């Protein structure tokens with residue numbers, strides 16, 4: 001299971017762990033309503049929505065709602081989950097930088113960018129808008145060159161803009177302040193659909 005597709009395939013081998021919804025749903029509250037109804041029935045499957053507002057991209061949610069799925073992501077048993085996680089947490093792996101990869105097969109720039117073409121979900125009625133809730137944002141410290149990755153809620157704000165709340169206690173905020181002091185924009189990369197072990201990490 002090197003990627004999310006492999007993980008989804010693995011989940012399909014375990015009854016009740018993956019539900020594929022083929023009926024069209026709206027990204028506006030319907031996706032989360034399905035999850036809410038399942039929880040009322042004491043069911044917690046990962047759910048793959050294949051048709052969301054006629055978009056070409058599916059939506060996967062509830063991915064890490066059980067210990068079993070977290071254990072599968074870390075390639076261990078439920079009984080060993082805590083120990084395996086603690087061991088992996090202490091053994092940092094230095095990232096390998098490469099010039100290009102599959103994530104860069106399709107690139108949009110300038111006016112080509114249309115974030116509204118993504119099936120971004122509105123989760124709750126009181127939300128200000130649709131949010132990407134499982135995007136991993138990576139930034140680079142302008143002084144040290146060290147990269148930092150974290151999960152942030154990203155609110156869709158039109159065709160080519162998103163809003164983000166950077167807590168003052170987050171590393172990304174600390175790095176952002178350095179860019180502000182230099183009067184420079186902070187480049188970011190936001191990755192959606194990574195292997196679930198990356199989200200656990």
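Some points to look at:
- The one condition from (1) more than 26 Å from residue 125 (Cβ to Cβ); (2) touching a strand residue (DSSP E or B) at 6+ places or on another chain (Cβ under 9 Å); (3) not in a strand (DSSP E or B) that residue 68 does not meet is (2).
- Complete set of residues in region 169-197 that are exposed (fewer than 14 other Cβ atoms within 10 Å of the Cβ) and either at positive phi or outside the structural domain of residue 119 (by TED's automatic domain parsing) (or both): 183
- Of all residues in region 45-62 being assigned to a loop (DSSP other than H, G, I, E, B) and more than 15 Å from the chain's Cα centre (by Cα), the one that is surrounded by the fewest Cβ atoms within 10 Å (Cβ to Cβ): 54
- Neighbours by Cβ (under 9 Å, 6+ apart or cross-chain): first from region 32-46, assigned by TED's automatic domain parsing to the domain that holds residue 122; second surrounded by 12 or more Cβ atoms within 10 Å (Cβ to Cβ): none
- For region 16-23, the count of residues that are surrounded by fewer than 13 Cβ atoms within 10 Å (Cβ to Cβ) and either part of a helix (DSSP H, G or I) or under 17 Å from the mean Cα position of the chain (by Cα) (or both) is zero.
- Among residues of region 87-112, those that are part of a helix (DSSP H, G or I) and surrounded by 10 or more Cβ atoms within 10 Å (Cβ to Cβ), counted: 4
- When residue 108 is tested against (1) outside the structural domain of residue 195 (by TED's automatic domain parsing); (2) free of Cβ contacts under 8 Å to residues at least 24 places away in the same chain; (3) within 30 Å of residue 127 (Cβ to Cβ), only condition (1) is not met.
- Taking the conditions (1) within 18 Å of the chain's Cα centre (by Cα); (2) farther than 22 Å from residue 51 by Cα; (3) surrounded by 15 or more Cβ atoms within 10 Å (Cβ to Cβ) in turn, residue 120 satisfies each one other than (2).
- The single residue among 140, 86, 147 that is more than 23 Å from residue 172 (Cα to Cα) and either touching a residue at least 40 places away in the same chain (Cβ under 8 Å) or outside the structural domain of residue 183 (by TED's automatic domain parsing) (or both) turns out to be 86.
- Just one of (1) at pLDDT below 95; (2) assigned to a loop (DSSP other than H, G, I, E, B); (3) surrounded by fewer than 15 Cβ atoms within 10 Å (Cβ to Cβ) fails for residue 79. It is (1).
- Only one of 134, 65 that is surrounded by 10 or more Cβ atoms within 10 Å (Cβ to Cβ), closer than 19 Å to residue 10 by Cα and either in contact with a helix residue (DSSP H, G or I) (Cβ under 9 Å, 6 or more places away or on another chain) or modelled with pLDDT under 90 (or both): 65
The values are calculated or read from the model by the stated rules, or taken from the named source; none is laboratory data. These numbers come from a predicted model, not from an experiment. Reconstructed Cβ throughout: ideal geometry from the backbone, glycine too, with neighbour counts over all protein chains shown.
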